[in-house]
């Protein structure tokens with residue numbers, strides 16, 4: 001589809017694809033403050049499932065953006081921290097934050113935002129009546 005693109009455009013598209021995955025920017029922003037354990041990331045993000053967080057962390061580790069350090073314990077603990085490549089995202093994340101502060105409407109309905117702290121508008125399942 002993009003066979004005619006220059007190598008620069010191909011790299012830009014690959015970077016945009018990586019950063020554009022849901023929660024990736026939030027994870028990077030949190031790790032900019034320093035290393036975190038899985039549970040800390042889950043708690044700080046709030047609305048991410050453990051499965052999705054695990055997938056994003058594996059993707060970022062595979063790209064060399066973060067690394068997982070295991071403390072043999074006891075208890076065994078894993079900590080995620082940015083690599084030099086990941087720390088180079090700081091300027092991008094910072095500028096994106098400035099742009100969002102100026103241009104993104106925070107009064108948008110929660111279902112349109114679907115980001116950190118957005119509340120679900122999906123109804124809770126009804127309990128079945130006992131027979």
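The table below gives the values:
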quantity	calculated
Selection count, segment 22-36, where residues are surrounded by 15 or more Cβ atoms within 10 Å (Cβ to Cβ) and either part of a loop (DSSP other than H, G, I, E, B) or without any contact (Cβ under 8 Å) to a residue 60 or more places away in the chain (or both)	6
Residue that is nearest to residue 19 (Cα to Cα), among those in segment 73-105 that are in contact with a helix residue (DSSP H, G or I) (Cβ under 7 Å, 6 or more places away or on another chain) and not in a helix (DSSP H, G or I)	89
Tally of residues being closer than 21 Å to residue 89 by Cα, without any contact (Cβ under 8 Å) to a residue 24 or more places away in the chain and either in contact with a strand residue (DSSP E or B) (Cβ under 6 Å, 6 or more places away or on another chain) or not in a helix (DSSP H, G or I) (or both) across segment 62-72	3
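For every residue, the table says whether it meets (1) out of contact with any strand residue (DSSP E or B) (no Cβ under 7 Å at 6 or more places or on another chain); (2) under 24 Å from residue 100 (Cβ atoms); (3) modelled with pLDDT of 95 or more; (4) surrounded by fewer than 15 Cβ atoms within 10 Å (Cβ to Cβ).
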site: 38; (1), (2), (3), (4): no, no, yes, no
site: 43; (1), (2), (3), (4): yes, yes, yes, yes
site: 50; (1), (2), (3), (4): yes, no, yes, yes
site: 57; (1), (2), (3), (4): no, yes, yes, no
site: 60; (1), (2), (3), (4): no, yes, yes, no
site: 75; (1), (2), (3), (4): yes, no, no, yes
site: 78; (1), (2), (3), (4): no, no, no, yes
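The values are calculated or read from the model by the stated rules, or taken from the named source; none is laboratory data. As the structure is a computational prediction, the values presented were derived from the model and not from experiment. We place every Cβ from the backbone using ideal geometry, glycine too, and count neighbours over all the protein chains shown.
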